[in-house]
Amino acid sequence: MEFATNVKNKCHDCNKEIVINGKNIENGFYLAYMHNEEKISVFKCNDCYAKSSSLTNFQKCEVYSRVVGYIRPVQQWNNGKKQEYNERQEYVMPSGESCGC
Ligand SMILES: [Zn+2]
């Protein structure tokens, strides 16, 4: 399994940064859970993993986003719009270019 190296990964419990070197997690563990058919991925640092290897205090959070002009909870969107939401990508401005505003 490959991890994105440009993403800052944090320990779920203590927020310490998790160092990932290619396919190896140097100071922690990767945990994946299924919740209502949704995959939940978290990292834990070695210290927190030693205290508890399972995901506790998990709380589902309501995510709001804009759909057809309205800000609505993503969970209430129809399947087609949910798929569009999953395919959304963050726009990264090429460095050195101005947005023109
Ligand atoms: Zn931790």
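The values are calculated or read from the model by the stated rules, or taken from the named source; none is laboratory data. From a predicted model like this one, the values you see are computed outputs, not experimental measurements. No Cβ is skipped: glycine too gets one built from the backbone with ideal geometry, and neighbour counts run over all protein chains shown.
Only strands (runs of 3 or more DSSP E) whose full extent lies in the chain are considered here, and the ones with at least 1 residues that are among the polar types (S, T, N, Q) are 38-45, 64-67.
Give the number of residues within the stretch 43-70 that are acidic (Asp, Glu) and either touching a Phe, Trp or Tyr at 6+ places or on another chain (Cβ under 6 Å) or within 16 Å of the ligand (Cβ to nearest atom) (or both). Full working, then the answer.
Of all residues in the stretch 43-70, those acidic (Asp, Glu) come to 47, 62.
Next cut, either touching a Phe, Trp or Tyr at 6+ places or on another chain (Cβ under 6 Å) or within 16 Å of the ligand (Cβ to nearest atom) (or both) only: 47.
Matching residues across the stretch 43-70 total 1.
Quick one: count up the residues across the stretch 64-101 that are more than 24 Å from GLU37 (Cα to Cα) and either among the aromatic types (Phe, Trp, Tyr) or surrounded by 10 or more Cβ atoms within 10 Å (Cβ to Cβ) (or both). Residues in the stretch 64-101 being more than 24 Å from GLU37 (Cα to Cα) and either among the aromatic types (Phe, Trp, Tyr) or surrounded by 10 or more Cβ atoms within 10 Å (Cβ to Cβ) (or both): 2 in total. Say whether the condition of being more than 16 Å from the ligand (Cβ to nearest atom), of a type in the set (D, E, K, R), modelled with pLDDT under 85 and touching a strand residue (DSSP E or B) at 6+ places or on another chain (Cβ under 7 Å) is met by at least one residue in the stretch 28-42. Checking the stretch 28-42: at least one residue is more than 16 Å from the ligand (Cβ to nearest atom), of a type in the set (D, E, K, R), modelled with pLDDT under 85 and touching a strand residue (DSSP E or B) at 6+ places or on another chain (Cβ under 7 Å). For VAL67, the test of being touching a Lys or Arg at 6+ places or on another chain (Cβ under 6 Å) and over 30 Å from VAL19 (Cα atoms) is passed. Residues that are of a type in the set (A, V, I, L, M, F, W, C) and at pLDDT below 85 within the stretch 1-19 comprise MET1, PHE3, ALA4, VAL7, listed in sequence order.
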